[in-house]
1. What is the order of D136, D36, D271, fewest Cβ neighbours within 10 Å to most?
2. Distance from a point 7 Å along Cα→Cβ of D310 to each backbone N in the stretch 199-220: keep the residues under 17 Å and list them by number.
3. So how far apart, in nm, are the two label points at E99 and A421 if each is 7 Å from Cα heading toward Cβ?
4. Where the only charges are on Cβ atoms (+1 Lys, Arg; -1 Asp, Glu), what is the dipole of the chain about its Cα centre, to the nearest 20 debye?
5. Quick one: if you take sqrt(5λ) for each eigenvalue of the C-alpha gyration tensor of the stretch 254-304, what semi-axes come out, biggest first, whole angstrom?
6. Percentage of Cα-Cα pair distances in the stretch 168-249 greater than 22 Å, rounded to whole percent?
7. Regarding the stretch 2-163, what are the three Cα extents along the principal axes, ordered largest first, in Å?
8. Work out, step by step, the length gained on full extension between A294 and W233: first 0.36 nm times the residue separation, then minus their alpha carbon distance; give nm to one decimal.
Amino acid sequence: MRLTILGGGGFRVPLVYGALLDDHAPGRVTEVTLHDIDGDRLKAITGVLAQQAMGVPDAPAVHSTTDLDEALRGADFVFSAIRVGGLAGRAADERVALEEGVLGQETVGAGGIAYGLRTVPVATHIARRVAAVAPDAWVINFTNPAGLVTEAMSRHLGDRVIGICDSPVGLGRRAARVLGADPADTWIDYVGLNHLGWLRGLRVHGRDELPRLLADEHLLGSFEEGRLFGTDWLRSLGAIPNEYLHYYYFNRETVRAYREAERTRGAFLADQQSAFYADPSYASWDRTRAEREATYMADNREAAGAGERDEADLEESGGYEKVALALMRAIARDERATLILNVRNRHVLSALDADAVIEVPCLVDANGAHPVAVDPLPGHATGLITSVKAVEREVLTAATTASRAAAVKAFALHPLVDSVAVARRLLDGYVSAHPELAPLRA
Ligand code: G6P
Ligand code: MN
């Protein structure tokens, strides 16, 4: 099996390679090709992988290239994990929104729209090249905003592109653990869009255990989402929201906390990682990673008065490379697995059309990911996902046709942007910050 990783110079690549090193079963990945537009980052990460592979006799061979077509040719799987504009781009996405008094975040709200506007053209180009050069490859998209980017790519690759995220998996595992259940034996009833979904049930031996969790103040208060959202609010919802819904339900508090923070998350990570890339080694990678994970969502927890993250919760959160590997295995070996993935809706959620990419439990086998039927979402949740999907569609139009009107509409229709005037200023701010958005200038 040949795996190509786009964004191969990225900081999370050693996590993926580490998961591959632990896989000794037949049909495993034997060759990895890293692609990146930045040769120096590629060199830094290749060095880390070489250190990881030391003493592992069947370690997958690693190649690297800055030529996209060369990287894609012969690939069985393509992981797309790119960050257009790098962490400096992310920091600008966050900063411009916060300066306007609205949420500045990587994937949610105005920041996520700006990130989408910058990323869709690049992802579309990649999808076209995959269709031309490696039409039989499966594309696993990690690139954020993952739902929107997967939808952009699916316009060229159909169901050969599947989007992944670690957050629903982490939520399901944390909820199972707090109930004393083995995550492997549970059925997680979860649906929504990427970073905008709800866990509505958790079945063990055919019985829904979520009501027991919601009713037990101590249990509910003892895990991450209980502390983040508050137990009363979870009981009112009758569901457990993805942690990213904190940005909606406690928007004002988060915006205030982010505006008061010394640096945005993107700026913090940029500083942290520039130190690693200046002097890359496995040890410095590992140290940087541990620090990054310990600080994940820290400002939200602080804004919510939720205290420190549980040690065990930390272990549950870093599952992104495991999701990727589980997905690849199920397809490559035709070993049926159930995973929460970003795929086309078909008829799962009646409020959205068939091509809208949603996040939903899927059965995966050699024929790809098949979403399962789920109960409908309540009105308030349907309202949010239809609004945000409408925003995503405007982003797709703006990014593919250079329409300023569509870009303004994307910002203005977002539930976390409270005025059309603000939307126009946001777009102007982003156009000034990002040269690649020049076509959207007034
Ligand atoms: C989770 C999300 C990703 C997101 C990341 C941000 O893993 O699922 O979509 O990119 O967190 O973490 P960071 O450490 O970059 O702030
Ligand atoms: Mn994610």
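Quick note: the coordinates plus some simple rules give every number you see, no bench work behind them. Everything numeric in this text was worked out from a predicted model, so none of it was measured. Cβ atoms come from the backbone with ideal geometry, glycine included; neighbour counts cover every protein chain shown.
1. Details: D136 8, D36 24, D271 12.
So the ranking, lowest neighbour count to highest, is D136, D271, D36.
2. Zone members listed by number: 199, 202, 209-220.
3. That separation, rounded to one decimal, is 1.9 nm.
4. 1080 debye
5. Details: eigenvalues 125, 29, 4 Å².
Calculated on Cα positions only, the semi-axes equal 25, 12, 5 Å.
6. Details: 447 of 3321 pairs.
So the portion of pairs separated by more than 22 Å is 13 percent.
7. 54, 33, 26
8. Numbers: separation 61, 0.36 × 61 = 21.96 nm, distance 2.56 nm.
So the chain would gain 19.4 nm between A294 and W233.
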